[in-house]
1. Just name the residue that is nearest to residue 2 (Cα to Cα) out of those in the range 16-50 that are in a helix (DSSP H, G or I) and among the basic types (Lys, Arg).
2. Here is a list of conditions, (1) assigned to a helix (DSSP H, G or I); (2) free of Cβ contacts under 8 Å to residues at least 24 places away in the same chain; (3) among the polar types (S, T, N, Q), and residue 6 meets all of them except one; can you say which number that is?
3. Among the residues of the range 17-32, write down those that are surrounded by fewer than 10 Cβ atoms within 10 Å (Cβ to Cβ) and among the β-branched types (Val, Ile, Thr).
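Computed from the coordinates by the stated procedures, all read-outs in this text should not be read as laboratory data. It should be emphasised that the depicted structure is a prediction, and the values quoted were computed from it without experimental measurement. Cβ: placed from backbone, ideal geometry, glycine included. Neighbour counts: every protein chain shown.
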Amino acid sequence: MRELASYLAAGVAYVALGVAFPSLLLSWVEGVAFLLVAVWLLPALVRRLR
């Protein structure tokens, strides 16, 4: 359930960024990179800093 919540939060953040700044999110590659950072790298960084 926690994994699903992180994917949903990343999706909501991506859509919100796309609505607020349409020129920021132009390609699917950037979407995949955002998902990678939001779901994998940020949680790993937070766990490491704890």
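1. 47
2. Of (1) assigned to a helix (DSSP H, G or I); (2) free of Cβ contacts under 8 Å to residues at least 24 places away in the same chain; (3) among the polar types (S, T, N, Q), only one is false for residue 6: (2).
3. If the condition is that a residue be surrounded by fewer than 10 Cβ atoms within 10 Å (Cβ to Cβ) and among the β-branched types (Val, Ile, Thr), then 19, 29 are the ones that fit.
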